[in-house]
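Report on one structure; see the data block that follows.
The values are calculated or read from the model by the stated rules, or taken from the named source; none is laboratory data. Since the model is a prediction, treat every value here as computed from it, not as a measurement. Cβ placement follows ideal geometry from the backbone for every residue including glycine, while neighbour counts extend to all protein chains displayed.
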Amino acid sequence: MVTADTLEAAPAFIHARDRPLALYWFGNDRAKQKTVLAQTISGGVCINDAMGHYLQEKLPFGGVGASGRGHYHGEYGFKTFSKEKPVFVQSRFSGASMVYPPFTGFSRRFVNFLRKMA
């Protein structure tokens, strides 16, 4: 944990290094909190606590840049570490099959018509 003596020093310190995994703000001045949040990029932010954000299952936990990629915990972790497999199945009764080779009869005339329209 690193402390800053002035409001300007915190964002300057953060910007001079790789993006942090987390940013911890201690204080009750909401204007200063908003200033620091607006001027910094970090993985997560915890206000007036040092590790509480890690224990929150409903919040994503993870970094940005060198401090990590993706989000972990609950649904966020499932999505980060899963790969959806999209599958499209064309109905055998679809009219799209008439534009696929081999072209014969009506499908040949239809494809030629489409070529002339292009």
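Observations
- Residue that is surrounded by the fewest Cβ atoms within 10 Å (Cβ to Cβ), among those in region 92-118 that are at pLDDT below 75 and either of a type in the set (Ser, Thr, Tyr) or within 30 Å of GLY62 (Cα to Cα) (or both): SER94
- Residue list for region 73-118, filter: under 30 Å from HIS53 (Cα atoms) and either in contact with a Phe, Trp or Tyr (Cβ under 7 Å, 6 or more places away or on another chain) or of a type in the set (A, V, I, L, M) (or both): HIS73, THR80
- When residues of region 69-91 are limited to those that are closer than 30 Å to ARG17 by Cβ and outside any loop (DSSP other than H, G, I, E, B), the one modelled with the highest pLDDT: LYS79
- When ALA66 is tested against (1) within 17 Å of the chain's Cα centre (by Cα); (2) of a type in the set (A, V, I, L, M); (3) modelled with pLDDT of 75 or more, just one condition goes unmet, and that condition is (3).
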